[in-house]
Amino acid sequence: MKCPLCKAPMFEEELAYVVQLEDGHELRLEDVPTWVCERCDHTAVDEAVIVTIEDMLAHIDSFSHSEEE
Ligand SMILES: [Zn+2]
């Protein structure tokens, strides 16, 4: 995989990924496989990983709402 910005090689690293929820909360996920550009530090997450995260968010939706009150 090459960086879309500077075309330098990217390497895969497990980083925290912060998701902004619709209600304004942030959800921090640990150890998400992330591509990192060795030159400009641009990061990218595979589409398959994002799909997995969105699927997971759909299932914990009721959990985040129960925190409200
Ligand atoms: Zn780059």
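Read-outs: derived from the displayed coordinates by stated rules, not from any lab. This structure is a prediction, so every number in the text was calculated from the model and none was measured. Note that each Cβ is placed from the backbone with ideal geometry, even for glycine, and that neighbours are counted across all protein chains shown.
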- Residue hits (region 13-57; in a strand (DSSP E or B), among the acidic types (Asp, Glu) and surrounded by 12 or more Cβ atoms within 10 Å (Cβ to Cβ)) are 13
- Residues in region 1-56 that are over 15 Å from the mean Cα position of the chain (by Cα) and of a type in the set (A, V, I, L, M, F, W, C): how many? 9
- Query: What single numbered condition from (1) within 16 Å of the ligand (Cβ to nearest atom); (2) in contact with a Lys or Arg (Cβ under 7 Å, 6 or more places away or on another chain) fails to hold for residue 16?
  - Reply: (1)
